[in-house]
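Worksheet for the structure shown next.
The values are calculated or read from the model by the stated rules, or taken from the named source; none is laboratory data. Treat the numbers as computed from the prediction; the structure is a model and nothing was measured. Every residue, glycine as well, gets a Cβ built from its backbone with ideal geometry; the counts of neighbours run over all protein chains shown. In case anyone asks, the SASA skips ligands and DNA or RNA and just uses the protein heavy atoms, side chains included. Shrake-Rupley method; radii C 1.70, N 1.55, O 1.52, S 1.80 Å.
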Amino acid sequence: MKKKQGKSGNKNKRGSSRKDARTIAKEAHFSKVKNRNGGSTTKTISRVLSFFSTHRDTYFSVDDVAKSMSIKGASERILIKHILHTLQEQGRLVQNNKAQFALLSSNSKTVQAIFHREGRENYAISELDGTVITLAQRHSLDARDGDTVDVVILSQRKGITRGEVVAILKHAKDTFVAVVRKLGKNNAILETNDKLLSGGMIKVPLEEQKLEVDDKVLVQIKDWYSSSGTYPQGHIISRFGKEGDNNTEMHAILAEFGLPYSYPKDADKAAEALSDSIPLEEFTKREDFRNITTFTIDPKDAKDFDDALSLQIIDENQIEVGVHIADVTYYVKQGDIIDEEAYNRATSIYLVDRTIAMLPEKLSNDLCSLRPNEDRLAYAVIFRMNKHTGEVIDFRIKRTVINSDRRFSYEEAQTRIDTNEGDFAEELSVLNNIAQKMRKKRFSNGGIRFESNELTFILNEQGVPLDVMPRTSGTANQLIEEFMLLANKTVATYIGKELKQKTQKEPPFVYRVHSNPDPDKLVSATSFLYKTHILKPKGKSSRGQDSITTQEVNDIFETTSGTPYENIVQMLLLRAMARAMYTTKNVGHFGLAFDYYTHFSSPIRRYPDMMVHRLVTNYLFDGKCGDDIDINKLEEACEHCSDMERVADLAERASVKYKQAEYLETKRGMVFDGFITGVTEWGVYITLNHNNCEGFVPIRDLNDDFYTFDENNYCLVGRRYRRKYTLGQSMRIRVKDIDKIKRLIDFEIVE
C-alpha cells in the first residue's frame, strides 16, 4: 500500500529537499536491521539502485527484487519494500498499477558518470557532456576512483552542479592484493589495505585452494554484496607467498597497481626465435660507424644499453657527435605479439631491487642492447658541432650500425672526466665540455633546474636494505642527459617544423609536452616561501603578480640549494607544475623551454620512443606523408602511454616506501635529525637528513598542547603556548612504529 505523502513527502517529490541513503535508513528506523544480504541498510540501498540501473525500463515487484538479491528473511523483505517506496516518493523510481517499480531512461535528472576521489574531494564527470558534478561524501555511497556510477542531479547554481551517487554500475577495479587473516570451516577471511572495500575484508571459499594464515594473494571479487555475510566474496587468482618475504612484497606491489610481474611465455618464445645475426644486406642500408670511436655510459648495474655516443674529430674547430639509439623496431614489428605486450606495458618498471622490462630479456639485454664489441643496429642523430662552443652546425637522422668500443659506468666516466686519465679520457673531456655549454645555454633560455630526489638502496643478497642515501648525479650523468635532450629536441623540431614546412602538411607525431603551470599556483607557492622567510623578498615578479618566469624559478632553486629548505622548495614548485605527457598536439615543453620535444632515445624501456621511431621511418625512409596514420588511434596510444607511466611511477614509489620502512624497522627507538617536509591537519611529515626517509608524526601525539592547522601558512599552531611546527623546521625524532606491509613510518618528536 502506498504511503500518504505529507508536506515533506511532496517536497521531496519536487526534488527540492532530497534525502540521501543514510537519511532514508535513519528515518525509517531500519538502521539497526541486521540483514544477511550485505550488512548495512545503506549498502542494501546501493544494491537496489544498482539492480535497477542495470535493468532500466523494466518493472519489478518487491518479490522480484528480493529474489534477485537472494533475500528470504521477513525483516529483510520489509526493508526492501520500504526502500522501494521511499525511492519512488523521491522520484528516483516509478511505480505502475501492478505495484511494480522501474528506473526509466527518460529520467533527465539521472546521468551516467565516472566517479573520482582525490583526497577528501569527490566528484563525477558526466560521460554524456563532460559536466563536473560535485559530490558530498555522504552522497558518494561506496564508490571508488574510476567507478562508473549513476548520479542524480540535486542542484545547479552559479556554475556548480551538485549530485548524489544513486548506483554503482561498474567497479573500475575488481582485483585486490590481500592477506589471509583467519581460516574458518568453509571460508577464509582476507584483509586488504583498501579500506573502501567493506572495511578492507574479503571472504573466499576454502575449497578453491589450500590457504594458510599470512599468505599474500591476489583476489578477484565475484559478489560485491555477498548474500552469505557482510563481506564481498571473491576467489583467488594467484598466491604470492608469505607476507613480509621480499619477492612476495615486490610482486604484490606490482599486482596492486595492475602491473605484470612476469613475461608471457608466448611473447618470450617469439623473442627467442629472433635471429642473433644481422643479414648482410642490412649493413648496406645503414651508415657504418663500426670503426668510429663509440661508447656507452650507464648505471653500473644496467644491462639494457639503449644509447651510445660516437665521436670524430673533423678538424681543429669541428667534431661530429653521433647519438645512437637501439633500433628496437627493426626486431619488433607493429602488431606482432611482442609489440602488443610492449604496448600494454608501455614502459619498463624500476622497483628498488628489480626491473620489470617492457621487452623480453632476449631483446632488452641482448639483441637491442648496445653491448661492447658486438655489431648492433641503431637509429641515430648525427651532429656536426663547433668543438669550442657546442653550436650545432648541421645534423642528419640516419639508421646506423655500430660496434661499441667500451661500456662505462657513470662512476668510471666521472673518474676520467675529473682526472683526465684513462682510456677515452680525451673523448669524454671533449663531450663533457660541450655538454656543459649546452646545459648552461639551456638554463639561460629558460630551462628549469629541477634536481632529482631519487634514493640509492644498498641491499644484501636477500634484498634487505643495509643503507639508504640520496642518489648523486655528476657531470657524467649530465653529459648523457644533454646529448639525449639534444637528440630528442632535434627529431621533434625536424618533424614538427621543418618537415611541415617542406610538405605544407601537419605530420602526425608523438610529442612529449609539458604545459605552462597554473600561474596562480606558482605565485601562491612563492608567496608562501616569502611569507615564511624561506626566501627573502626581492620585490615584485618581473612579469607582475599574476605570473613568474622560469628564470625566477631557477633563482629560487639556486638561493635554496644546499639549505634545509632545498627539498621543500622543489616540492612546492613541482606541485604547481603540470605533469609532462605524450600527445599528438604540440604545446611545447615548459620545463625544458623547448618549442618541440619528443622521446626518441629510450625505445628499450619506453613504448612512445618506438612509436616515434616508426613515424620517423614513415616520413624519412619510406617516403610517406602520414596519410596512412589514424591520428585518433595515435592520440589514444599517447594517452595510454601517459597513463601507464603514471601507474609505473606509483608502483616505483610504493617499492621505495616499502624499502624505507624495511630499513627503519631495524632502527626502532633510534634518534635521528631531520626537518619538516609536510604539514597537514592530521600531523607533520619529517624527512631524515642522512637518508631522505620520510615518516609521520600524528597530531594526536603532540600532547603538550591542542594544535590546529594554519592552512595559509602551512603550519600547526598550539592554542595555548603558540608553539609552531612549520615547513623546513629542523627536528630531532625517534623512530616509533613501522608497518612495512602497509608502508607506514611513524616518528615521535624528541624534545
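Of the listed requirements (1) open to solvent by 60 Å² or more (accessible area, probe 1.4 Å); (2) of a type outside the set (A, V, I, L, M, F, W, C); (3) at pLDDT 85 or above, THR131 misses just one: (1). Which of the residues that make up the range 444-458 are outside any loop (DSSP other than H, G, I, E, B), in contact with a Lys or Arg (Cβ under 8 Å, 6 or more places away or on another chain) and either surrounded by fewer than 17 Cβ atoms within 10 Å (Cβ to Cβ) or of a type in the set (A, V, I, L, M) (or both)? Within the range 444-458, LEU455, THR456 qualify. How do the strands (runs of 3 or more DSSP E) wholly within the range 295-357 filter down when requiring 2 or more residues that are of a type outside the set (A, V, I, L, M, F, W, C) and modelled with pLDDT under 95: which remain? The strands (runs of 3 or more DSSP E) meeting that bar are 354-356. Scanning the range 558-597 for residues that are open to solvent by 60 Å² or more (accessible area, probe 1.4 Å) and either at pLDDT 95 or above or in a loop (DSSP other than H, G, I, E, B) (or both) turns up SER561, GLY562, PRO564, TYR565, ARG579, MET581, LYS585, VAL587, ASP595.
Scanning the range 422-443 for residues that are on the phi > 0 side of the Ramachandran plot and surrounded by 16 or more Cβ atoms within 10 Å (Cβ to Cβ) turns up just one, PHE424. Residues that are under 21 Å from the mean Cα position of the chain (by Cα) and open to solvent by 40 Å² or more (accessible area, probe 1.4 Å) within the range 599-644 comprise ARG605, GLU636, GLU639, HIS640, ASP643, listed in sequence order. Scanning the range 709-744 for residues being modelled with pLDDT under 90, within 30 Å of GLU243 (Cβ to Cβ) and not charged (D, E, K, R) gives a total of 1.
The strands (runs of 3 or more DSSP E) found entirely in the range 103-174 that carry 3 or more residues being over 27 Å from the mean Cα position of the chain (by Cα) are 148-157, 160-170. Only one of the listed residues (GLU652, GLU662, GLU694) is within 19 Å of the chain's Cα centre (by Cα) and either surrounded by 19 or more Cβ atoms within 10 Å (Cβ to Cβ) or not aliphatic (A, V, I, L, M) (or both). That residue is GLU652. The sole residue among ILE699, ILE686 that is more than 21 Å from the chain's Cα centre (by Cα), open to solvent by less than 10 Å² (accessible area, probe 1.4 Å) and within 27 Å of ALA525 (Cα to Cα) is ILE686.
The single condition among (1) closer than 30 Å to HIS514 by Cα; (2) buried (at least 16 other Cβ atoms within 10 Å of the Cβ); (3) in contact with a helix residue (DSSP H, G or I) (Cβ under 8 Å, 6 or more places away or on another chain) that THR389 does not satisfy is (2). Among (1) under 28 Å from LEU615 (Cβ atoms); (2) surrounded by fewer than 21 Cβ atoms within 10 Å (Cβ to Cβ); (3) of a type in the set (Gly, Ala, Ser), where does SER404 come up short? Unmet condition: (2).
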